[in-house]
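K.L.:
Here it is: the structure, laid out below.
None of the figures in this text is laboratory data; all of them are computed from the coordinates on show. A quick note: this is a predicted structure, and the numbers were derived from the prediction, not measured. All Cβ positions, glycine included, derive from the backbone under ideal geometry; neighbour counts span all protein chains shown.
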Amino acid sequence: MPLSSPSGYGSSDPSGGHALSGQSVQVEPSAIPNLVSALQSSLDSVGLQIEHAITELRIRPWAGDPVSSTAADEFNQRSIGGGDDALTALCGYRDQLQAAAESLRLARSQYERIEDDNVALMGGGC
């Protein structure tokens, strides 16, 4: 039986909480471990990209003149300067992946709890 992602999970707001997304996805419970594993793999890759952006993406003016200084400043601002930069986008993507993985874990936990309750109510099965 497919289950839907719980309401309130699926997107993060900038304060770190979960914002209501108004969207739901139906997922077969048996597919959740593979989905979470795929999300974790993506999280690992994004984490490396974030680490590289923080440690290696900033450039210095290569010619030591005003033109290369301006170009380096603009590149750094667009890459890791805040607001609409690449680093902020990567961190937002990471947050979305984490929220999706957590939502799937929560949905699976709820499904298993309901199934256990149903088995108990039926007296252990047929």
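K.L.:
Within the range 20-57, which residues are over 30 Å from S109 (Cα atoms) and surrounded by 14 or more Cβ atoms within 10 Å (Cβ to Cβ)? Talk me through it step by step, then tell me what you get.
P.N.:
The initial filter retains those residues of the range 20-57 that are over 30 Å from S109 (Cα atoms), namely 49-57.
Within the range 20-57, Q49, I50, A53, L57 meet the criteria.
K.L.:
Return the residues of the range 28-42 that are of a type in the set (V, I, T) and within 13 Å of E112 (Cα to Cα); say none if nothing qualifies.
P.N.:
Within the range 28-42, I32 is the sole residue that qualifies.
K.L.:
Residues of the range 26-72 being free of Cβ contacts under 8 Å to residues at least 12 places away in the same chain and among the acidic types (D, E), which ones?
P.N.:
Passing the criteria: D44, E51, E56, D65.
K.L.:
Additional query: Condition test on R105, is it farther than 20 Å from S24 by Cα, out of contact with any His (no Cβ under 7 Å at 6 or more places or on another chain) and basic (K, R)?
P.N.:
Numbers: farther than 20 Å from S24 by Cα: no; out of contact with any His (no Cβ under 7 Å at 6 or more places or on another chain): yes; basic (K, R): yes.
Judged against the criteria, R105 is not a match.
K.L.:
Now for a separate question. Please find, among Y111, Y93, the residue that is more than 20 Å from the chain's Cα centre (by Cα), among the aromatic types (F, W, Y) and on the phi < 0 side of the Ramachandran plot. Full working, then the answer.
P.N.:
Working: Y93 fails: more than 20 Å from the chain's Cα centre (by Cα).
Criteria check complete, one pass: Y111.
K.L.:
If I go through the range 62-110 residue by residue, how many of them are touching a Ser or Thr at 6+ places or on another chain (Cβ under 7 Å), surrounded by 13 or more Cβ atoms within 10 Å (Cβ to Cβ) and part of a loop (DSSP other than H, G, I, E, B)?
P.N.:
Looking only at that region, the number is 1.
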